[in-house]
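The values are calculated or read from the model by the stated rules, or taken from the named source; none is laboratory data. What you are looking at is a predicted structure, and each value in this text was computed from that prediction instead of being measured. In this analysis, Cβ positions are derived from the backbone assuming ideal geometry, glycine residues included, and neighbour counts consider all displayed protein chains.
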């Protein structure tokens, strides 16, 4: 019966799930609004050339790519930063700073696992223009306020700088062309530990003495110089913005190629094995790849699917506020009219349309968890007073429609 | 420079566009909520077999389809009804009636044109369970209330029944296997006129005498029988629900194969050439194709892209409420602190982070249309009173931060 299932790695969301997701989306969007970010939407697919321009053709292994009917090679969006850079590159007159945010689904061809889906949701921002520590600190403040808004607790940030780690690579005598290999290895430190990282570096052709020297530099945390001062400045600004939980950890590099300086991860205590729930950094050279003119930029993405595993579940809301029960067929039209008045006044309302008797209707109301019923019979219609039943307590009150609306709206 | 553009037939939406779209989405979602509909979300792609099961393999010409890396044939979602039927078919214990709604993007490989996009947005509902005229009338009431909520005017409905048109096909002596051809031809009546429809029927192998007989039946509107009574009952119920603008028009069939009875279109006066802005009908046999058990159902889809061309534009909202201006570098941290307090109290706020002087900051504030500025200098900081400038009038007031928040929040 596989045809009844969504494709591997994807999910259906039914109303209870969607209520929870929309609630998280709205809370995050409200934080974006407070910080002055405007939502952008880019298509589900992009020209493959655009997607591969920075990540290289090997990205094809990790994404959904296909040709359309006129032979155009396309790929499903797996990263929102590249399409937003396309927009910035094609709008040179865009006012800076530009603050863009998004909450969107994306796709990657990945082995599905805990919190890893082939259709996944991400919220995030791109801040285009400023090159200052304040801009990078704003990323941490946005993540912090978003996480607080949705009820996440015990999170902390690890920040680092690509420039410092680049310098470590050079200092350890590792050839520049191996930098990406080193980054890919060190990015797995949490998962595979120090010995795993060392083994991976060696398997990628890095000399044991160089790998040792590199690991020593990372652990020493010694760097000095303007890059470490910059990280300290980001840390201090974040603290001033209400984000005290920021550690400098030079083992953080983030896997994505395009970062040029500041990078960060967000861990949640007790959920470290889920990995980072929000990550990002500075990418001052990415827009220039498309437009020829570099524009400083910083940003992050926050995985919604993982977060939903971390934050506390709220009590499910009732699907509808009230059900209007016609006690017999002759008052069906009165029930419809009452239903429409309630809906017109903003009350979430259903009425009977399957010809069920009053007992069956009340059974349905209970099963669905609808908190109120309005009983409509011929005597109620002529008196213009209807019986409002509280389904939890069983208490019934005779009320005018206006009084019912005041109670339920 | 084609790589800077979104793929053919797709669009980027920048913040001004998205504010307008989100406003429409929220208004429509509020109508869905009032009627007791719960949002469902299905993946962007489905197994091609599922998509083609009803529409036939020829649907491949009209959609984006591709194989994933394990050889699975997939297609991008072009119709939300089929995935929702998949959900219903795989959940036999689902309580009926089930009221599902969606607002989602979808994709079709279509020649782009006025209001026709390869990535397009649709809102709609599926009402699963009831087989009554009340259920079909609810579709018209939902469309009507949604259109009113977003400010559309001058719309009206045309309703028909597949059963009646099926009977006309038989009565005209047209072989049953040609029914789909007849439907495809008559569906274009608005676009190509009566003579065009006649020519198309003939080109599809229908005898001229049969085509003539069929057109006469459509135009006569004579049908009688329970099917016409049912349409009249839907019309009367819709009127009772506040939807008086419903015409019975038997030339309406809707192109999609799965309808089994009631079908409808929504036209907007003055925009007839855009075609129907919301269409749907009853599909009592579609769920059974997947599950083996027929479940009555009715629904519709409303194209958001066309609607946005029809409804009046609202005045653009300012992107941010207030900008905090540090007059010199030594008060930068005070400006950041004030900004964070404002954001924490719900006010959309930006501050300077590009090192611009006060004149350049004020220029930026004007250009972006930010309505207020807070001027922060050393004397303001020590007095704890800040200058609030109304950017429109130029009026300045010295106020405490609390007073500013009361004014702006």
Go through the residues of the range A:55-68 one by one and say whether even a single one is surrounded by 14 or more Cβ atoms within 10 Å (Cβ to Cβ) and under 30 Å from residue A:134 (Cα atoms).
yes
Subset of the range A:107-120 [surrounded by fewer than 20 Cβ atoms within 10 Å (Cβ to Cβ) and in a strand (DSSP E or B)]
A:113, A:116
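On the given criteria, is residue A:350 outside any helix (DSSP H, G or I) and buried (at least 17 other Cβ atoms within 10 Å of the Cβ)? Can you show your working first?
Working: outside any helix (DSSP H, G or I): yes; buried (at least 17 other Cβ atoms within 10 Å of the Cβ): yes.
Judged against the criteria, residue A:350 is a match.
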Hey, residue A:77 modelled with pLDDT of 95 or more and either crowded, with 22+ Cβ neighbours inside 10 Å or more than 9 Å from every other protein chain (Cβ to nearest Cβ) (or both) or not:
yes
Only one of (1) more than 22 Å from residue A:66 (Cα to Cα); (2) assigned to a loop (DSSP other than H, G, I, E, B); (3) facing chain A (nearest Cβ under 7 Å) is not met by residue B:86, so which one is it?
(2)
May I ask you to verify whether residue A:40 is crowded, with 21+ Cβ neighbours inside 10 Å and at pLDDT below 95?
no
Residue A:393: assigned to a strand (DSSP E or B), outside the structural domain of residue A:144 (by TED's automatic domain parsing) and surrounded by fewer than 19 Cβ atoms within 10 Å (Cβ to Cβ), yes or no?
no
Using the structure shown, decide if residue B:276 is surrounded by 14 or more Cβ atoms within 10 Å (Cβ to Cβ) and modelled with pLDDT of 90 or more.
yes
When the range B:50-72 is examined, which residues are found to be assigned to a helix (DSSP H, G or I) and either facing chain A (nearest Cβ under 8 Å) or at pLDDT below 90 (or both)?
B:50, B:51, B:52, B:53, B:54, B:55, B:57, B:58, B:59, B:60, B:61
Out of all the residues in the range B:295-307, is one or more surrounded by fewer than 21 Cβ atoms within 10 Å (Cβ to Cβ) and more than 18 Å from the chain's Cα centre (by Cα)?
no
Of the residues A:406, A:389, A:306, only one is out of contact with any helix residue (DSSP H, G or I) (no Cβ under 9 Å at 6 or more places or on another chain) and either more than 12 Å from chain B (Cβ to nearest Cβ) or at pLDDT below 95 (or both); which?
A:406
Looking only at residues that are touching a residue at least 24 places away in the same chain (Cβ under 8 Å) and surrounded by 13 or more Cβ atoms within 10 Å (Cβ to Cβ) in the range A:192-206, which one is nearest to residue A:169 (Cα to Cα)?
A:206
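Quick grid of which residues meet (1) assigned to a loop (DSSP other than H, G, I, E, B); (2) away from every other protein chain (no Cβ under 14 Å); (3) modelled with pLDDT of 90 or more:
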position: A:181; (1), (2), (3): no, yes, no
position: A:184; (1), (2), (3): no, yes, no
position: A:190; (1), (2), (3): no, yes, no
position: A:194; (1), (2), (3): no, yes, yes
position: A:200; (1), (2), (3): no, yes, yes
position: A:211; (1), (2), (3): no, yes, yes
position: A:223; (1), (2), (3): yes, yes, no
position: A:243; (1), (2), (3): yes, no, yes
position: A:247; (1), (2), (3): no, yes, yes
Using beta carbons and a limit of 7 Å, which pairs, at least six apart or on different chains, have the first residue in the range B:344-360 and farther than 18 Å from residue A:142 by Cβ and more than 8 Å from chain A (Cβ to nearest Cβ) and the second one part of a loop (DSSP other than H, G, I, E, B) and modelled with pLDDT of 95 or more?
B:358/B:327
